[in-house]
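See below for the structure under consideration.
The values are calculated or read from the model by the stated rules, or taken from the named source; none is laboratory data. The shown structure was predicted, so the numbers you read here are calculated from the model rather than taken from an experiment. Methodologically, a virtual Cβ is constructed for each residue, glycine included, from the backbone with ideal geometry; neighbour enumeration extends over all protein chains shown. For accessibility, only protein heavy atoms count, side chains too; no ligands or nucleic acids. Shrake-Rupley method; radii C 1.70, N 1.55, O 1.52, S 1.80 Å.
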Amino acid sequence: MKNNIVIFDNGAGTIKAGIASGVLAEQEAVRLVPNAIARSKGDKATYCGHEIAKCKDYSSLHYQLPFEKGYIVDWDAEKAIWDGVFSQEVLGVNTTESSLILTEPYFNLPNIQEIYDQFVFEEYEFSSYHRCTPASLIPYGKLLGMPPSECMLIVDSGFSFTHVVPMINNIISWPAVKRLLDVGGKLLTNQLKELISFRQWNMMEETYIVNHVKECCCYVSTDFRKDMETMRLDSDNPIVQKYVLPDMSTSRKGRLIEPGDMTLGSEQVLVMKNERLSVPEIIFRPDDIGKLIILGLEGGFDRFSGLNQSGLASTIAESIACLPEDLQPMFWENIGLIGGNTKFPGFRGRLLSELRSLAPMYCEVRVHESNDPITEAYQSAYQFSTRPDFSNHCLTRAEYLECGSNGSRRKFCDWKMQPDMLSAHELKSQDDHPPQHVNKRPRGRPPGNAVLTRKD
């Protein structure tokens, strides 16, 4: 019997799973499963992972999340979700006759990695598996073209965090990896809940609905202060959108009111004003998280202190500055975006405009965007699974039974076993001088050449 390869992008918010050797095409085979257990106060039922799609009352869903601060803390809940994904209702896979590609968080802890190994080989008895971070799979995909560049920088903005991950020769340069602490989709949804609850309706327990509002209405402004001033001076402007909340009787899901649409008098309408742009702005200005939220109403009221960290563009510049100086132009030219937060309209353009002023004069800035950044790591893993040498990257169950987790530590190179950056940098002849490591910020410059690309 042919050995299936199960791809399992285990995100903190959403699991992207599929079978690489299945009969469906790769775009159709991926299944998106919420990585959560939800209990509805409406029908008093509990839904585990893929069962949430069967829920008929999304009001006041109480979530139990296996992940906290980006790491798995509730393995009982995670096992229940994984059981559902591997069951006949989703993948219908025989784990004992399958290999597994599994993603893990960046800077994952050794104790958690050992539990991953135990789950894979002792609980589900996979024949072999490969464990890596999502960014490690991107070089095998098509995001930055084929063949991939020797140097690239991946921006992964997901549920819990936003990471900036530089790679040299398909190997992550861990000393230069940067993290925007706590700035992810979960934080943005929570901020939007507080804004809506303070200004209009009490939505503090409506996580599912508010998350849908965020995905439908929010966008990244290319000129934040100008748009906020427009909102303050003109109440009737094109930025304002209206969202009809679900009534859980005739309508199970909310919807945007398009121009010309009529609303019933009994419908509850949520008016989205400066919330549309102030919430995603946190990714670019986390130090002003409080000020940005109320700027449009209070005219610059400055009482809140934000997160003490740089915005995304400055974090990218700091990461590149930690890399060999003669390779830095290649990183500026190969910046890729993955993760759900990069789907906000205007995200790519805003990031590019800020990077242009931070990049050195002689560097060309290119930002590559995926058609579907949520499943980009999954699609790259699909391509990785088709490589002839894929089995060489996997740890077999026999090796695990012989060596335990020591086998996975030797097989999977991570942040605790960072290879010498100089060895990965041997792209020039031995007669050349060794590269110099710099820890300074790139010099500012007037806007230069910048190219914006999109994957076809």
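Remarks
- Gyration tensor over alpha-carbon atoms, segment 131-243, equivalent ellipsoid semi-axes in Å: 36, 18, 13
- For the pair segment 349-363 and segment 326-347, the centres of their Cα atoms are 11 angstrom apart.
- Spatially close lysines, pair count over segment 59-202: Cα under 27 Å, gap of eight or more or interchain: 7
- Of the residues Glu354, Glu229, ranked by 1.4 Å probe accessible area with the largest first, the sequence reads Glu229, Glu354.
- Each peptide in 282-288, 96-102 was scored by the mean count of other Cβ atoms within 10 Å over its residues; highest first, the order is 282-288, 96-102.
- Summarising the amide proton neighbourhood of Gln268: residues at separation of 5 or more, or on other chains, whose placed amide H is nearer than 5 Å comprise Leu245.
- Per residue, in Å², the accessible surface of segment 53-176 once ligands and nucleic acids are set aside, probe 1.4 Å: 35 Å²
- Antiparallel %, DSSP beta bridges [both residues in segment 90-201], to 5: 70 percent
- Here the peptides 336-346, 202-212 are ranked by packing, the mean other Cβ count within 10 Å, and the order with the highest first is 336-346, 202-212.
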